[in-house]
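Here's the structure we're looking at; comments come further down.
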Amino acid sequence: MIARAYAWLDHRLGLTTIYATTLDRKVPKVNWAFTLGSATLFLAVMQGITGIFLTVYYVPHPEQAYDSVNYIMNDVAFGWLIRGIHHWGATLMVVTVFLHMLRTFFYGAYKYPREITWITGVFLLLVTLGMGFTGYLLPWNQRAYWATTVGTSIAGTVPLAGPWIERILRGGEALSALTLARFFSAHIWMLPTALLALIGIHLYLVVRLGISHIPKEGE
Amino acid sequence: MAGGEEASGLSRRKFVTGMLAVLGGTIAAVVGLPAIGYLIAPALKRSRTDIWVPLAPVENIPVDQPTLFTFSRTQRVGWETTATSYGMYVLRSAEDRYQVMSNVCTHLACRVVWKDDLQDYTCPCHDGHFAKDGSVISGPPPRPLDSVEHKIEEGTLYVHVVEA
């Protein structure tokens, strides 16, 4: 029965082909460092799921953001767990993204024909850092407020365009409700959309080009 | 394939598949079950704090004329203090008997209004009509207006508010 249902679906959707090309593809003999990309993808998915759950209670308003986060942590069943996963997952993701980049760099896996995989990877690193930067403000506590004050001030030190960038990031002179709202928007809509598109290209290229073997001596 | 593995009836592939299924299932349960609790948590929290609210001194209540008394109750809901408004119609008979009714329509919870010209309670949402004693005259309401428990202490009418 299940086999027949699967055959019916497979005939129409090509599930076996998808499985064979994405998961059953040939790979060279590699080591554990080659799992860092998958680990990052897993963390990204977890961040997406826990992030969606956090928006059930979180309110991006200066008067309610801090209280709503407190509510998640103290009153909602397993709120501490959902936020905990999101909090630590964010930190861990920056680590795995970075290690993944180091692996790619030291094994020379960015070379022809994988340049575009590397370039999308660079943008994925930047978007991940952007997610960390915008997400950090959302609890709207003292640490978040001053970290963002400092972070946006650093952006303000860019030659010529600096003050202009700083004003755009903050949505005005100083941190305000506008800053919180735009950081929230960037954190849950703009950056995740960019992330999703980039991951799509990145994974397509990994499947299309295959992964490189570990370089041998003299290569 | 090594003969020994096949003889034991469990190939390496099957073992790995099984272990992955068990591990994946465990991870899904550890994350998935709390997620359900997380979503429904506020709905499970019941604030069963019933109070007696002093409505009015009895001498202020007109005889044989449905009169609306309103009050609001503030409660901590989530991370905010939310005020809930209540309206109760009091009908005092000539024999000093009191009938207290909620002004919440029994159809879909709009607020009913006493109309002096019609001599009935009218619900503006779907044209429900209730008689002076709260019974349904016409329209969609399935049952009479809800009566509210009340008492008189030291010349003051109190009503019993049960829900939040």
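The values are calculated or read from the model by the stated rules, or taken from the named source; none is laboratory data. Keep in mind the model is a prediction, meaning the values are calculated, not measured. With ideal geometry, Cβ positions are generated from the backbone for all residues, glycine too; neighbour counts draw on all protein chains shown. The accessibility values were calculated without ligands, DNA or RNA, using every heavy atom of the protein model including side chains. Shrake-Rupley method; radii C 1.70, N 1.55, O 1.52, S 1.80 Å.
Could you work out how far helix A:115-137 tilts from the main Cα principal axis of chain A, as a 0 to 90 degree angle to the nearest 10? The two axes meet at around 30 degrees. Using only alpha carbons, region A:1-138 has a radius of gyration to Kirkwood radius ratio (Rg to Rh) of 1.10. For the chain pair B and A, the buried solvent-accessible surface (1.4 Å probe, both sides summed) amounts to about 1500 Å². As a calculated quantity, the FRET efficiency between B:R12 and A:H213 at R0 = 25 Å, using C-beta atoms, amounts to about 0.55.
Net charge in the neighbourhood of A:S212 (other residues with Cβ under 9 Å of its Cβ; Lys, Arg +1, Asp, Glu -1) is +2. Taken about its Cα centre, the protein assembly as shown carries a charge dipole of about 2300 debye when Lys and Arg each add +1 at the Cβ and Asp and Glu each add -1 at the Cβ. Sites listed here are trypsin sites (Lys or Arg not before Pro) in region A:1-50 whose DSSP assignment is loop and whose Cβ has at most 15 other Cβ atoms within 10 Å: A:R25, A:K26, A:K29.
Helix B:12-44 and the long axis of chain B differ in direction by around 10°, with both axes built from C-alpha atoms. Can you tell me the accessible area per residue over chain B, all protein chains present, probe 1.4 angstrom, in square angstrom? Per residue, chain B has 63 Å² of solvent-accessible surface. Within the accessible surface of chain B, defined with a 1.4 Å probe on protein heavy atoms only, the carbon and sulfur portion equals 57 percent.
Placing a label point 7 Å from the Cα of B:H160 along the Cα-to-Cβ direction, the residues of region B:97-139 whose backbone N falls under 18 Å of that point are B:98-103. Peptides A:206-219, A:133-146 ranked from most to least packed give A:133-146, A:206-219, packing being the mean of other C-beta atoms within 10 angstrom over each peptide's residues. Once neighbouring chains are kept in place and the probe is 1.4 Å, which whole percent of the accessible area of chain A is contributed by carbon and sulfur? Ligands and nucleic acids excluded, carbon and sulfur give 71 percent. The mean sequence separation of alpha-carbon pairs under 8 Å and at least six residues apart, normalised by the residue count of chain B, gives a relative contact order of 21 percent.
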